[in-house]
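The values are calculated or read from the model by the stated rules, or taken from the named source; none is laboratory data. Note that this is a predicted model, so its numbers are computed, not measured. Don't worry about glycine lacking a Cβ; one is built from the backbone with ideal geometry, like all the others, and counts go over all protein chains shown. Keep in mind that these areas ignore ligands, DNA and RNA; they rest on the heavy atoms of the full protein, side chains included. Shrake-Rupley method; radii C 1.70, N 1.55, O 1.52, S 1.80 Å.
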Amino acid sequence: HAPRSPLQASTTGAVLPLGEPVRELAVSRDGRLVGAVGSGGLLRIWDLGSGRVRVERDVGEDGGLSFTSGGVVVHGRAGPPTAITSGGRARCTFGSRPVADAAVAGPRVVLSTGEIFDLATSRRRSVVTGLLRGTSMVSSSRDGSRVGFVARDRAAIAALPSARVVARIRHPTR
């Protein structure tokens with residue numbers, strides 16, 4: 001038999017130390033990596049097979065992460081959204097300032113500002129217009145054809161790559 005990793009050997013699961021309360025969590029598409037951002041802005045990405053830390057950096061208190069096929073996009077107050085290789089090297093940035101949230105949508109990175117960037121080249125491709133100010137969350141459909149934006153108590157759904165708002169969600173009395 002091949003030796004089992006510490007993660008496979010445990011019946012209760014591994015303990016992956018972050019050092020601060022977990023605020024955000026993401027798992028890579030292939031399930032081999034897990035990333036967490038703590039309340040103080042510490043980002044760690046672990047290899048689940050070995051338990052080894054692959055990436056560690058400060059992304060700021062409101063930071064977050066989204067996995068791509070070749071790494072991860074991180075965002076937070078510590079700087080503009082950045083694509084990081086699975087080895088931990090910064091590959092490129094998207095925009096020039098920190099944003100509230102970012103999501104990977106297929107071959108694109110979508111920022112809470114509505115800006116849409118090409119993941120491979122980091123070139124800005126378009127902007128979703130008509131979004132509410134104060135967008136705090138962005139999420140993407142699995143195939144990257146739709147992206148959602150949440151601002152306060154309202155939301156908008158945009159089609160990609162057209163960047164056109166196709167639906168809005170709001171409280172009926174407003």
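Structure notes:
- Total formal charge among the other residues, if their Cβ is under 15 angstrom from that of Asp143, Lys/Arg +1 and Asp/Glu -1: +4
- The stretch 29-174 - charge dipole about Cα centre, Lys and Arg +1 at Cβ, Asp and Glu -1, debye rounded to 20: 380 debye
- Full-stretch length increase - Leu132, Arg152 - with 0.36 nm per residue and alpha-carbon distance subtracted: 6.3 nm
- Approximate spin-label separation Thr93-Val166, in nm, with each point projected 7 Å along Cα-to-Cβ: 3.3 nm
- GNM result for the chain, Cα springs below 10 Å: residue of Gly40, Gly49, Gly71 fluctuating most strongly: Gly49
- Among Val37, Val15, Val27 - extreme Cα towards positive end, dipole of the stretch 8-147, charges at beta-carbon: Val27
- Summed over qualifying helices (DSSP H, 4 residues or more, each -39500 (n - 2.57)) and divided by its residue number, the chain shows a 222 nm mean residue ellipticity of -500 deg cm²/dmol.
- Put simply, the amide H of Glu115, placed in the peptide plane, has neighbours under 5 Å in Val128, leaving out anything fewer than 5 places away on its chain.
- When the solvent-accessible area of the chain is split by element, carbon and sulfur atoms take up 50 percent of it, the probe being 1.4 Å.
- With protein chains left intact and a 1.4 Å probe, residues in the chain average 55 Å² of accessible area per residue.
- The convex hull drawn around the Cα atoms of the stretch 81-174, when projected onto a plane and averaged over every direction, covers 6.2 nm².
- Cut-off 18 Å, label 7 Å out along Cα→Cβ of Arg124, residues of the stretch 135-161 by amide N: 135
- Gyration tensor (Cα) of the chain, equivalent ellipsoid semi-axes in angstrom: 31, 17, 16
- Positive minus negative residues near Ile116 (Lys, Arg vs Asp, Glu; Cβ under 12 Å): +3
- The H on the amide N of Gly144, modeled in the peptide plane, is under 5 Å from the matching H of Gly106, each at least 5 residues off or on a different chain.
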